[in-house]
Number of protein chains: 2
Amino acid sequence: MIIDCHGHYTTTPPGVGRWRDAQVAAVTADPAHVGVKGAMAVTDDEIRQSLEGAQLKLQRARGSDLTIFSPRASWMGHHIGNEHTSRFWTEHQNELIRRVCDLYPANFAPVCQLPQSPGTPIQGSVAELERCVNEMGFIGANVNPDPTGGFWTGAPLWDRYWWPLWEKLCELDVPAMIHVSAACNEQFHTTGSHYLGADTTAVTQVLTSGFTRDFPNLRFIIPHGGGAVPYHWGRFRGMALDNSWDFDEAVSHLWFDTCVYHQAGIDLLVRVVPTSQILFGSEMVGAVRGIDPETGHHFDDTKRYIDAAPLTDAQRQAIFTDNVQRVFPRLQLPS
Amino acid sequence: MIIDCHGHYTTTPPGVGRWRDAQVAAVTADPAHVGVKGAMAVTDDEIRQSLEGAQLKLQRARGSDLTIFSPRASWMGHHIGNEHTSRFWTEHQNELIRRVCDLYPANFAPVCQLPQSPGTPIQGSVAELERCVNEMGFIGANVNPDPTGGFWTGAPLWDRYWWPLWEKLCELDVPAMIHVSAACNEQFHTTGSHYLGADTTAVTQVLTSGFTRDFPNLRFIIPHGGGAVPYHWGRFRGMALDNSWDFDEAVSHLWFDTCVYHQAGIDLLVRVVPTSQILFGSEMVGAVRGIDPETGHHFDDTKRYIDAAPLTDAQRQAIFTDNVQRVFPRLQLPS
């Protein structure tokens, strides 16, 4: 059983983009626009079609079994519009993920996005998390550490602002993947510097603040192999020693996925990060879609790198299957 | 001959901090404060004392010969005060570096900081660069890609704003290390997420824009081992292929230093980055000052990692000596 902890619905049918385009147009014309949730015109056949030639085909081709699946991260767009904009959009996107998982219960397990409008209380996100987990069977959430889209003017993860969300994650016993959305700051490239910078920033905030000591059951997945952190493992260990930060305590709350698209990167990851803190992931279909001319295989076919890395069978079993079951206790494997 | 491309004067005598504290106090009280350059009360003996027990001692202990030396990066503080604040401070800091190099010409070669106040024209930085190179024998400059200190509200490196500086660097045939200063945004930790995020951002801006094609002779040093980039070499190569960015052209303008504080990180760096684009560096005395309990040696004793990495003697010679001479053609080695 090979479980991919990091997949987004990046291939949604056209009705999704049409609904969002209309909403964005309305709130651009009138920033106070409320609108209505309305209906998203997407049929089950369109959903099947959008997945059969992409994620499902790639699961079969690459030999993974189940993908923990969430709305397209770059489309979360928390910086767009107001709280109503994000609430309606988020509800639709999460309900779409639920439909995907109902159509393919053996292939996908659902993770939600949260509304997270900048400047609004976190309670709206807590409510959507409860709805998704308690009413719709979701097993985790994506949390955007920078809903401003690259301006970083909100509260750091250690700020009391986030406390109600951390409490609810612990109460529901679900993890959060700390994952930004598109950058609206031209300094950053969304899937390059913004994603990787945010991953590094999230780990650093956990490490320097030690706030996870107040939440023994809080579990964060750091995507894209942890940004820059494993490559700079020595730097962070050394800074922790210099500053009396509890490195091991921080790491015990963090899981790094394997969305690192070359053998040398995966080899580094598995060499420095404890195996217990690594989850198989591919981010497929995601940021990089081509074939590596050096290998003849897709860059994001990360299972190949794990297969080739210097690991024992027990370690591979942990990374592919066991760890993710511990991190996502609500995950029910298909029988 | 082992040349360390990345050292900052982090151990300055107390007169430096006193001068700066008084200046910051004055401009805090009155944001329009101009002040005067005045004198910085630092004696030659104090300079000697500040270096003998630190950088010079460590050079001898670790076996490096010459450090390319610049003002303390975290103290550049471009976000503080106004254009006068940064100009006077920068002139003093650069003149102090000149004094260090005059006192120890066999041990240090000078690199300057630039005034770079947010919202001011780049011409002030061009003028200081000319002064340092033409009048004071400097061989390179540090350029802060985010003078706002972690809010990233200025112009990206590809923006025409920077053109006069890039032209002057090419005309003078000196490289720039792209290095941020302290973060004043609480989201970021200065020497952790801010430094590493900025390194990744700088590389991404070069890669996605291709602006270096207009400056064949422009040479950027990316500190801290290139941030997240070597660890995600496959991701960036893949994104470049997907988007028709010229990866090799971008890399030809970039040199990555070896300020990566563990063996696994250095092994990755030398495995994926062409040897021609790697420069020995330690950032000593810098962000991490302790001893790694796993090795018994200082984290930032990076020469040990290069010595132990799977490299040929010719490759080591390139990283320790030859590459830096190509990147810094104005560097005159002590006879």
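The values are calculated or read from the model by the stated rules, or taken from the named source; none is laboratory data. Everything quoted here is computed from the prediction, not taken from an experiment. Note: ideal-geometry Cβ built from the backbone for every residue, glycine included; neighbour counts use all protein chains shown. When the accessible area is computed, the model is the full protein with side chains, heavy atoms only, and any ligands, DNA or RNA have been set aside. Shrake-Rupley method; radii C 1.70, N 1.55, O 1.52, S 1.80 Å.
If you restrict to DSSP beta bridges whose two residues both lie in the protein assembly as shown, what percentage is antiparallel, to the nearest 5?
Approximately 5 percent, going by the DSSP bridge assignments.
With the dipole of region A:107-244 worked out from charges on the C-beta (+1 for Lys and Arg, -1 for Asp and Glu) around the Cα centre, which of A:Thr208, A:Ser125, A:Val111 lies farthest toward the positive end?
After comparing all options, I get A:Thr208.
List for region A:238-266: residues with 20 Å² or greater reduction in accessible area, all protein chains versus chain alone, probe 1.4 Å?
The answer is A:Gly238, A:Met239, A:Leu241, A:Asp242, A:Val260, A:Tyr261, A:His262, A:Ala264.
Carbon and sulfur together cover what percent of the accessible area of region A:1-114 at a 1.4 Å probe radius? The partial results should precede the final answer.
Details: 2430 of 4390 Å².
On region A:1-114, the fraction of accessible area on carbon and sulfur atoms equals 55 percent.
Please report the Cα spread of region A:2-91 along all three principal axes, rounded to whole Å, starting with the longest.
Largest to smallest, the principal-axis extents are 48, 25, 15 Å.
Per residue, what accessible area does region B:208-335 have, given a 1.4 Å probe and all protein chains present, in Å²?
Numbers: 4460 Å² over 128 residues.
Per residue, region B:208-335 has 35 Å² of solvent-accessible surface.
By what distance, in whole Å, do the Cα atoms of chain A stretch along each of the three principal axes, largest value first?
Its Cα atoms span 52, 45, 39 Å along the three principal axes.
Compute accessible area for region B:183-228 by itself and then with all protein chains, 1.4 Å probe, and report residues whose area falls by 40 Å² or more.
Residues passing the criterion (a loss of at least 40 Å², heavy atoms only) are B:Glu186, B:Gln187, B:Phe188, B:His189, B:Ser193, B:Leu196, B:Thr201.
Average partner chain C-beta neighbours within 10 Å, per residue of B:289-295? Display every interim value, and only then the final one.
Numbers: counts 4, 7, 2, 4, 2, 2, 1.
That average works out to 3.
Can you tell me the Rg and Dmax of region B:255-335, counting just the alpha carbons, in angstroms?
13.0, 40
Treating the point 7 Å from Cα along Cα-beta-carbon as the label, what are the nm separations from B:Arg60 to the other copies, to one decimal?
7.1
Quote the total accessible area buried by chains A and B together, excluding ligands, DNA and RNA, probe 1.4 Å, nearest 100 Å². Could the numbers behind the result be given before it?
Working: alone 13760 and 13760 Å², together 22730 Å².
Summed over both sides, the interface buries about 4800 Å².
Enter the accessible area per residue of region B:61-110 (Å², integer; probe 1.4 Å; all protein chains in place).
Numbers: 1500 Å² over 50 residues.
Value returned for region B:61-110: 30 Å² of accessible area per residue.
Put a dot 7 Å past each Cα toward the Cβ at A:Asp21 and B:Ala54; how far apart are the dots in nm?
Going from the B:Ala54 label point to the A:Asp21 one covers 5.9 nm.
Straight-line reach from A:Lys303: which lysines have Cα under 22 Å away, leaving out those fewer than 8 places along the same chain?
Within the straight-line cut-off, A:Lys303 pairs with A:Lys57.
With the label 7 angstrom out along Cα to Cβ, how close does A:Arg289 come to the same site in each of the other copies, in nm, nearest first?
Listed shortest first, these distances are 5.1 nm.
Counting only C-alpha contacts under 8 Å and six or more residues apart, can you give the relative contact order of chain A as a whole percent? Walk me through the numbers on the way to the answer.
Working: 600 pairs, mean separation 60.0, N = 335.
Answer for chain A is 18 percent.
I need the inter-copy label distances for B:Cys184: point set 7 Å along Cα to C-beta, values in nm with one decimal, smallest first.
2.5
To the nearest 20 debye, what is the magnitude of the charge dipole of region A:267-319 about its Cα centre, counting +1 on the Cβ of each Lys and Arg and -1 on the Cβ of each Asp and Glu?
Values: 5 positive and 8 negative charges, 28 e Å.
Dipole about the Cα centre, nearest 20: 140 debye.
If I measure Cβ to Cβ between cysteines in the protein assembly as shown, which ones have no partner under 4.7 Å?
Cys with no partner Cβ under 4.7 Å: A:Cys5, A:Cys101, A:Cys170, A:Cys184, A:Cys259, B:Cys5, B:Cys101, B:Cys170, B:Cys184, B:Cys259.
Could you give the dipole magnitude of chain B about its Cα centre, charging the beta-carbon of Lys and Arg +1 and that of Asp and Glu -1, in debye to the nearest 20? Can you show the working numbers first?
Numbers: 25 positive and 37 negative charges, 45 e Å.
Around 220 debye, computed over chain B.
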